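The values are calculated or read from the model by the stated rules, or taken from the named source; none is laboratory data. No experiment lies behind these values; they were computed from the predicted model shown. Using ideal geometry, Cβ is built from the backbone for each residue, glycine included, and neighbour counts are taken over all protein chains shown. All accessible areas refer to the heavy atoms of the entire protein, side chains included, with ligands and DNA or RNA removed. Shrake-Rupley method; radii C 1.70, N 1.55, O 1.52, S 1.80 Å.
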Amino acid sequence: REVGREIRHEERDDARDLITAQEFLMRVSIGLHFQAGKPHDVLNRDAQLRIAREREIASTTGQRPVERFMQTYFRHSGTIADICRRFVSAHQSPPLARRAADSLLTHRLNGYLKVGPGFLDVSKRHRPAVLGDLEEILKIYHSAALYGVLPTAELAEAIRVSLPKEPPPLSETSARLFREILGKSGGLGTLLRSMYDIGLLELLLPDMAHARCLLQFNLLHSYTVDEHTLRTIEAAERFETEPTAVGAAYRAIGHKEMLHLALLLHDLGKGFDEDHSVVGERIALRVAERLRLSDNDRD
């Protein structure tokens, strides 16, 4: 990018977040070296417990000190991964032959959407009007679900910086669009991951925010709650092509949006002082009201 250009607000935020993450991870790394008396970069379970104890991290209702420490760790490491991914996507030009092929195979949709092989974009002159409206943003992802593609990295970044900071009320149209997105299979997990990465999924389901980078410190869980949740959707979708009884059962489900929504919600009650099933019921009732589910679907 051109030298001397004014730095955008979101770029200053990225720079600040990178510096904060570097300082946090550097302190953890140096601590591991001193404890081992040699170069050592393995943050195993014993080290996690020790660092949480040394930093005198207090427990909260539903979270142990080590879980709070590791949630902070994953947030910082996740921030670095996210910024690096966005940087590479923004500066990586596809080969000329690929750009030519994409141009030939791209078609217009609704006057402002461009759909090509594996991607969806919005004409730049239409972006100011489209990106300022949550319904229009959901129409973008609804079209992406219909065509089995993802928004381009540039469009996803533009959506990310345009989103409101707090979850807005959902209009009837917004709720319907999201329900219909959840009813798709084949690429839904990837699409929801894109929506989660840019912060859109948390605006639609505010209870997702609590699960971000949330660790359950036991031998039963290999992933944080948010990663486990997204992988659950991806695992369910794989049944679509399985020539098994489970595959047949999945294909026969008439309202896959209810199954996929239940999978999204199933662990969001973790990290509280009550049993996660009890908390999860309250979350499900809130979500049912927010998404305007029928009484039958809510139950």
*asked:* Through the Karplus equation 6.51 cos²θ - 1.76 cosθ + 1.60, θ set to phi - 60°, convert the phi angles of the range 282-290 into ³J(HN,Hα) values in whole Hz; use x for Gly and Pro.
replied: 5, 4, 4, 5, 5, 5, 4, 5, 5
*Mind listing the Cα extents of the range 122-166 along all three principal axes, in Å, largest one first?*
27, 23, 16
*Once phi is turned into ³J(HN,Hα) by the Karplus curve 6.51 cos²θ - 1.76 cosθ + 1.60 with θ = phi - 60°, what whole-Hz value does each residue of the range 56-64 show in order, with x for glycine and proline?*
6, 6, 7, 7, 10, 5, x, 9, 7
*Any idea which of 201, 213, 123 is furthest toward the positive side of the dipole for the range 103-225, if Lys and Arg beta-carbons carry +1 and Asp and Glu beta-carbons -1?*
123
*Comparing 154, 54, 202, which has the greatest mean-square fluctuation in the GNM of the chain with Cα pairs linked when under 10 Å apart?*
54
*Excluding ligands, DNA and RNA, what is the solvent-accessible area per residue of the chain at a probe of 1.4 Å, expressed in Å²?*
56
_Could you derive backbone 3J(HN,Hα) for the range 16-23 from the dihedral phi with the Karplus parameters 6.51, -1.76 and 1.60 (θ = phi - 60°), listing whole Hz in sequence and x where the residue is Gly or Pro?_
4, 5, 5, 5, 4, 5, 4, 4
*What residues qualify as long-range amide H neighbours of residue 119, i.e. H under 5 Å apart, gap of 5 or more or another chain, H built at 1.01 Å from N?*
150
*Count the lysine pairs in the chain whose Cα atoms lie under 19 Å apart, taking only pairs 8 or more positions apart in sequence or on different chains.*
5
_Of the candidates 167, 117, 243, which one comes out as most mobile in a Gaussian network treatment of the chain with C-alpha springs shorter than 10 Å?_
243
*Which whole-angstrom value gives the distance between the alpha carbon centres of the range 25-67 and the range 255-273?*
31
